[in-house]
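The structure under discussion appears below in the form of structure tokens.
The values are calculated or read from the model by the stated rules, or taken from the named source; none is laboratory data. As the structure is a prediction and not an experimental result, all values here were calculated from the model. For neighbour counting, all protein chains shown are included, and Cβ atoms are generated from backbone atoms with ideal geometry for every residue, glycine included.
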Amino acid sequence: MTHTARHMGYRAGWWRDQLLRPWLRAVRGWVVIQPEQATALARTWGSRAPVHVLPNLARVDGPAPPTPAPAADGRLRVAVVGRLALQQKGLDWLARLLAQGPDWAGQCQWHFQGNGPGAPVLQALVRQLGPDQARLVPHAPLDEALAANDVLLLPSRYEGLPLVALEATARGWPVVASRQAGLGALLPARSQFEFGDAAGLAHALDSLRCPQARARAVAHARQRHEAMCGPRRYLATLLPLAQSLAGRPLALAPEVQTTGPGSGAR
């Protein structure tokens, strides 16, 4: 709820916001996933309720897929994974951009993976570009996209702290994202661009064509991820939240203190 209905592109968004505002101001407490959202609640809705920041925690099961060898033709393989929502995910803009056929886009292969209302738009794009340059596949595990691609792309208009980016980082894959995607504290500056800036997107992707550059971007993001969303950080924020909800002091079970999240407070 840190974004207004108007900003998210809902029909009659302004009126929806006016109806929601009194209800949101009456909420007694909030749980958000990054500090910027706490600020946005006060700025957007005038909320004065306490806000607890509980970071997203990437759950990664099993070994990561092997890093793919560079493409034989030198093209950068770019994956867009998740719900295919045109407005939020910025896929309408990306599809229009790629349909125009800029030279730099031809130096990439585009892999769209997921389901959602934007699928017909992407299907039309794939037909236009041809199977050698773009493909669209249904929802599948993230590892399937990572194993066949070099970079994960989030060209979003707005996000919270997208879990797919955290999971890709934990798996060892570089991420390129708009600055509106909520990943500014995670990604290197050169891996980010302003939403709608085609030249900025091209520059961000171009900076990751070299495998060594991709490795450096991953190392940066993993270090930041551990500080932002690692198990120690998660536990440090979970306990105060649980105590606030319970209205009494709590202590972590010994096995949680040593092994990380998974059991809970008592």
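See the values below:
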read-out	value
Close pairs (6 angstrom Cβ cut-off, 6 or more residues apart or separate chains): in a helix (DSSP H, G or I) in region 132-150, among the small types (Gly, Ala, Ser) anywhere	145/79
Of residues in region 52-81 being in contact with a strand residue (DSSP E or B) (Cβ under 8 Å, 6 or more places away or on another chain) and assigned to a loop (DSSP other than H, G, I, E, B), the one farthest from residue 140 (Cα to Cα)	54
Residues satisfying the stated conditions in region 14-26, i.e. of a type outside the set (D, E, K, R) and either loosely packed, with under 14 Cβ neighbours inside 10 Å or not assigned by TED's automatic domain parsing to the domain that holds residue 42 (or both)	14, 15, 18, 19, 22, 23, 26
Qualifying residue in region 32-51 (condition: more than 24 Å from the chain's Cα centre (by Cα) and either of a type in the set (S, T, N, Q) or under 22 Å from residue 179 (Cβ atoms) (or both))	yes
Enumerated helices (runs of 4 or more DSSP H) restricted to region 201-266, each holding at least 1 residues that are within 29 Å of residue 93 (Cα to Cα) and either touching a strand residue (DSSP E or B) at 6+ places or on another chain (Cβ under 9 Å) or at pLDDT below 95 (or both)	211-229
Residue match in region 107-120 (condition: farther than 21 Å from residue 140 by Cα and outside any helix (DSSP H, G or I))	yes
Residue tally, condition free of Cβ contacts under 8 Å to residues at least 40 places away in the same chain and under 25 Å from the mean Cα position of the chain (by Cα), over region 4-16	5
Verdict on residue 101 being assigned by TED's automatic domain parsing to the domain that holds residue 204, touching a Phe, Trp or Tyr at 6+ places or on another chain (Cβ under 9 Å) and at positive phi	no
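One line per residue, one yes/no per condition, for (1) surrounded by fewer than 22 Cβ atoms within 10 Å (Cβ to Cβ); (2) over 23 Å from residue 229 (Cβ atoms):
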{"residue": "117", "(1), (2)": "yes, yes"}
{"residue": "120", "(1), (2)": "yes, yes"}
{"residue": "123", "(1), (2)": "yes, yes"}
{"residue": "145", "(1), (2)": "no, no"}
{"residue": "156", "(1), (2)": "no, no"}
{"residue": "160", "(1), (2)": "yes, no"}
{"residue": "163", "(1), (2)": "yes, no"}
{"residue": "168", "(1), (2)": "no, no"}
{"residue": "186", "(1), (2)": "no, no"}
